[in-house]
Amino acid sequence: MRYVNVGLGSLVVTIGAWLVSNALSLYGTGLVLIAAAGFLWWQGRTLTLIWAWSTLLLGVECFAWPIATMLHVRSAGGGPSDDDMGAILSATLMGLFSAVFWIAFSYGLFKRAKEKATR
């Protein structure tokens with residue numbers, strides 16, 4: 001059961017990285033998938049910890065999404081258009097809202113894992 005959850009958790013983290021980067025290559029996607037699976041296997045001794053780390057990493061990726069969007073618009077050169085500003089605003093609002101949600105969710109999972117460990 002641990003193999004399945006590590007695989008699913010690393011898939012969630014990889015999809016999040018792919019969405020943040022906007023153009024992650026197949027090699028980069030495979031590298032993120034392998035690194036996430038290795039990290040989750042190393043840190044996730046229980047199913048709760050696997051998903052706690054997965055949701056924490058997803059929250060960090062959601063937090064990085066507005067930053068990546070701003071860098072992408074800036075690298076395009078010139079001043080940002082109204083559409084670019086709308087994309088930045090959407091990424092900022094949704095990214096920060098999602099980041100707070102996933103990080104709070106992971107906090108609850110870490111707290112649950114700690115309570116189970118102390119019993």
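The values are calculated or read from the model by the stated rules, or taken from the named source; none is laboratory data. Keep in mind the model is a prediction, meaning the values are calculated, not measured. Note that we place each Cβ from the backbone using ideal geometry, even for glycine, and neighbour counts take in every protein chain shown. In case anyone asks, the SASA skips ligands and DNA or RNA and just uses the protein heavy atoms, side chains included. Shrake-Rupley method; radii C 1.70, N 1.55, O 1.52, S 1.80 Å.
Cα axis of helix 47-75 to longest principal axis of the chain: angle in degrees, 0 to 90, nearest 10?
10 degrees
Could you check how much of the accessible area of the chain is carbon and sulfur, as a whole percent, using a 1.4 Å probe?
Here it works out to 73 percent.
Could you work out how much longer the chain between LEU26 and ASP82 gets when fully extended? Use 0.36 nm per residue separation minus the Cα distance between them, nm to one decimal.
17.0 nm
How far is helix 2-21 tilted, in degrees, relative to the longest principal axis of the Cα atoms in the chain, given as a value from 0 to 90 rounded to the nearest 10?
10 degrees
Please calculate how many Å² of accessible area the chain carries per residue, with a 1.4 Å probe and no DNA, RNA or ligand atoms counted.
66 Å²
Against the longest alpha carbon principal axis of the chain, how many degrees, from 0 to 90 and to the nearest 10, is the axis of helix 26-43 turned?
30 degrees
Return the sequence-ordered ³J(HN,Hα) values of the range 94-104 in whole Hz as given by the Karplus equation 6.51 cos²θ - 1.76 cosθ + 1.60 applied to θ = phi - 60°, using x for Gly and Pro.
Ordered by residue, 3J(HN,Hα) equals 6, x, 5, 4, 5, 4, 4, 4, 5, 5, 5 Hz.
About the Cα centre of the chain, what is the dipole size in debye to 20, counting +1 per Lys and Arg Cβ and -1 per Asp and Glu Cβ, all else neutral?
So the magnitude is around 860 debye.
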